[in-house]
Amino acid sequence: MADNFFDKIRQILLQRKKEVKDQISDVKQKDPYMQEYLQDGTRNMDEMEEEVADLQERVTLDAIQEDLTKESKDIDAALKNIKEGDYGVCEVCQEKISIERLKANPTAKTCIKHAE
């Protein structure tokens with residue numbers, strides 16, 4: 001694959017990494033438990049309905065943060081592979097991953113044949 005292609009993918013990955021970092025920060029700021037702590041210096045026990053709503057919000061935000069953290073790790077792995085010259089090689093069969101697949105999913109670790 002051409003160096004120009006790797007440079008473009010690298011820039012896309014770096015931009016996405018910044019976006020993911022910002023999104024993780026936003027998610028952390030929306031945490032209802034953290035908001036109470038920052039406002040009051042402690043975690044308050046609210047009425048049952050409000051506690052349930054806070055817990056539901058926290059569970060949702062935790063899931064979002066987990067997905068974003070995984071994406072960040074995948075980006076880091078792709079950037080490492082670019083640096084080491086291993087980018088675009090299927091982890092299962094060691095064949096090249098198609099450029100079309102890498103354009104659509106720059107963090108792809110497998111060819112389309114071995115995609116989950």
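A count restricted to the range 76-93 and to residues that are free of Cβ contacts under 8 Å to residues at least 24 places away in the same chain and not in a helix (DSSP H, G or I) stands at 6.
Is it the case, given these coordinates, that Lys109 is surrounded by fewer than 17 Cβ atoms within 10 Å (Cβ to Cβ) and either modelled with pLDDT of 95 or more or of a type in the set (Lys, Arg) (or both)? Taking the combined requirement at face value, the residue does not satisfy it.
The values are calculated or read from the model by the stated rules, or taken from the named source; none is laboratory data. This structure is a prediction, so every number in the text was calculated from the model and none was measured. Positions of Cβ are generated from backbone atoms using ideal geometry, with glycine treated the same way; all protein chains shown enter the neighbour counts.
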